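Beneath this line is the structure, given in structure tokens, with notes to follow.
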Amino acid sequence: MSAPAYDTSLVQLVSERGEPLGTASRATVHTTTTPLHLAFSCHLLDGQGRVLLTRRSLSKTAWPGVWTNSFCGHPAPGEPLEEAVRRRALEELGLEIADVRTVLPDFRYRAVDSSGVVEHEICPVFVATATRDPEPAPEEVDSWAWATPDRVGQAITATPFVFSPWLVLQHAELGRGLWQVSDRG
């Protein structure tokens, strides 16, 4: 039996309470009037306890060239979140991941970049492990680096404008605990 095929060209629109409202094209949803929709963020750890940071491709619509968490994405309508996280790790970073767990199940944010593009998401945050370096898709990731959680926290505190607003907010909610190995979910 094969896995169900999900339409990854669509995102799930949601109400303020997270209830499904319909769908929108992923390619056109991020504008100056982005509706609230479902997304996710994931932070990858390696065997040394370092976290993977990525610099968004310069061709990205929102926040091009900023440093952020390992990867983000949108579950397709009907796609379980953990399945979407695993799919997106493979698509964006060329990685199969393990130990996927939720650390901020109710995280949400709204932020506007300097071009006026809005991110408006209910965005559960996950942590997972990677067993090797990424081989990122260039249209998604410009650069990447492994760093200790302490170094990441120091950098976010010193220069928050270098990082995506969602990473800064996630770090503010959990601090170094964002990257702890124990299950919080």
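Rounded is the label for the chain. Its Cα gyration tensor axes, ordered a ≥ b ≥ c, give a/c under 1.5. Sparsely packed loop sites in region 113-185 (the trypsin sites (Lys or Arg not before Pro) outside DSSP H, G, I, E and B with at most 12 other Cβ atoms within 10 Å) comprise Arg132.
Any idea how far the Cα center of region 1-41 sits from the one of region 116-185, in Å? Measuring centre to centre over Cα atoms gives 21 Å.
Normalising by the residue count of the chain, find the relative contact order in percent from Cα pairs under 8 Å and 6+ residues apart. Relative CO of the chain lands at 26 percent. In whole Hz and in residue order, list the ³J(HN,Hα) couplings for region 110-125 that follow from phi through the Karplus curve 6.51 cos²θ - 1.76 cosθ + 1.60, θ = phi - 60°; x for Gly and Pro. Couplings: 9, 8, 10, 7, 5, 8, x, 6, 9, 9, 9, 9, 8, 9, x, 10 Hz. Of the residues Ile97, Phe161, Pro75, the one whose Cα sits farthest toward the positive end of the charge dipole of region 45-185, with +1 on the Cβ of Lys and Arg and -1 on the Cβ of Asp and Glu, is Phe161. The length gained on full extension between Asp150 and Asp46, counted as 0.36 nm times the residue separation minus their Cα-Cα distance, comes to 36.0 nm.
Bear in mind that the values in this text are calculations on the coordinates, not laboratory data. These numbers were taken from a predicted model, which means no experiment stands behind them. Positions of Cβ are generated from backbone atoms using ideal geometry, with glycine treated the same way; all protein chains shown enter the neighbour counts.
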